[in-house]
Amino acid sequence: KGIQIGMLTTLKAGEETERCRFYQVPAAGLNVVDQQIKFTAGSHHFIVFSTPYKEIPTKTIRGQDMDTSGVFDCGTNGPTGDWDTIAFVAVSQNANGDSLFDKLPDGTALKIPGGTILLVNTHYVNASRDPLETTAAINLITIPDADVKQEAGLLFFYNRFIRVPGKSEGIARMRCPVRSDITVLTATSHMHKRGVGYQAAAVDPKTGAADQLFQTRAWADVEVARFNAPKAVKAGQLIDY
């Protein structure tokens, strides 16, 4: 069921790369209520971005010609360094498909307009002496327009200012304001191998009261926190991570 987007690719021995694929959403658009994601060993993440393109591009934002008719190397600067992106549509760091989008409330869906160009991305490392064949895929389960009562979305906060002096420890912290009332259903983190701890909370800047959203020590195969009682985050609160 649903719409499947897959990526089949082979990595040479000792190769590390980010692979991409563009996909154009059908004209009727998609109302996504569930995402099933799976990828073979060797990948740290699977991401689907929405983009502003009206048709599949063949030049990077730096003007470099690129064959984007199938799966391709994202570019020397990665997917967001070589292509225009708007937002995350899907993300998973768990090879077994632990997605942020599943079991949404009835009538709640992520709306993707018809014709949208999506950019699918994986980051693979082949540390072996032999070629590595990889598979990554996402299945998008949808509902009709008439059944959509409220919209879901994915917020991704990114701290690029991280510095750890040699032979020591470091802590990076950022606070991002929430512009309107939202209801948080799931949460997860993203770190690389040298990350040893992560925590995130919704903070009231007036009182300092903090409602924990996520905490982990894992950087790979990160689980998703699902809140039995959805967390209400009000406009003006801060996501502190």
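What the pair-distance distribution of the chain shows, using all Cα-Cα distances binned every 10 Å from zero, is 7, 28, 35, 24, 6, 0 percent.
Please report, to one decimal in angstroms, the Kirkwood hydrodynamic radius of segment 94-160 built from all distinct Cα-Cα pairs. Let's see the in-between values first.
Values: mean 1/r = 0.0641 Å⁻¹.
That comes to 15.6 Å for segment 94-160.
Calculated FRET efficiency, Ala146 to Ala232, Cβ-Cβ distance, R0 = 41 Å: about 0.90 to the nearest 0.05. Can you find, among Ala218, Gly208, Gly153, the residue sitting farthest towards the positive end of the charge dipole of segment 125-241, where Lys and Arg contribute +1 and Asp and Glu -1 at Cβ? It is Gly208. For the listed residue pairs Lys111/Lys206; Lys54/Lys234; Lys206/Lys231; Lys167/Lys193; Lys1/Lys59, the alpha carbons are over 23 angstrom apart in Lys111/Lys206; Lys54/Lys234; Lys1/Lys59. The orientation-averaged projection of the convex hull spanning the C-alpha atoms of segment 135-205 amounts to 8.5 square nanometres. Residue by residue, segment 108-117 carries 3J(HN,Hα) couplings of 9, 8, 8, 8, 10, x, x, x, 4, 8 Hz when phi is fed to the Karplus relation 6.51 cos²θ - 1.76 cosθ + 1.60 (θ = phi - 60°); x denotes Gly or Pro. Stretching the chain fully between Asp106 and Lys1 yields a gain of 36.0 nm (0.36 nm per residue, less the alpha carbon separation). What the Kirkwood sum gives for segment 39-126 is a hydrodynamic radius of 14.6 Å, with every pair of different alpha carbons counted.
Whenever you get a sec, compute what percent of the accessible area on segment 105-241 sits on carbon and sulfur atoms (1.4 Å probe).
Values: 4580 of 9000 Å².
Roughly 51 percent of what the probe reaches on segment 105-241 is carbon or sulfur.
Excluding ligands, DNA and RNA, what is the solvent-accessible area per residue of segment 1-139 at a probe of 1.4 Å, expressed in Å²?
Details: 6640 Å² over 139 residues.
Roughly 48 Å² per residue, with all protein chains present.
For segment 120-126, 3J(HN,Hα) computed residue by residue from phi via the Karplus equation (6.51, -1.76, 1.60; θ = phi - 60°) reads 9, 9, 10, 10, 10, 10, 10 Hz, glycine and proline entered as x. Between the beta carbons of Val196 and Phe161, assuming R0 = 22 Å, the FRET efficiency works out to 0.75 to the nearest 0.05.
Got a number for carbon plus sulfur as a percent of segment 1-77's accessible area, 1.4 Å probe?
Working: 2050 of 4110 Å².
Carbon and sulfur atoms account for 50 percent of the accessible area of segment 1-77.
What FRET efficiency comes out for Phe88 versus Glu15 if R0 is 25 angstrom and r is the Cβ-Cβ distance? Round to the nearest 0.05. Plugging the Cβ-Cβ distance into 1/(1 + (r/R0)^6) gives 0.45. Segment 100-157 and segment 1-54 have their alpha-carbon centroids 8 Å apart. Where the alpha-carbon atoms of segment 181-241 are placed on the principal axes, they occupy 35, 23, 13 Å, in descending order. Computed as a quarter of the hull surface, the mean projected area of the alpha carbon convex hull for segment 92-215 stands at 12.3 nm².
The values are calculated or read from the model by the stated rules, or taken from the named source; none is laboratory data. No experiment lies behind these values; they were computed from the predicted model shown. FYI the Cβ positions are ideal-geometry reconstructions off the backbone, even for glycines, and counts take in every protein chain you see. Side chains are part of the model used for accessible areas, which takes the heavy atoms of the whole protein and leaves out ligands, DNA and RNA. Shrake-Rupley method; radii C 1.70, N 1.55, O 1.52, S 1.80 Å.
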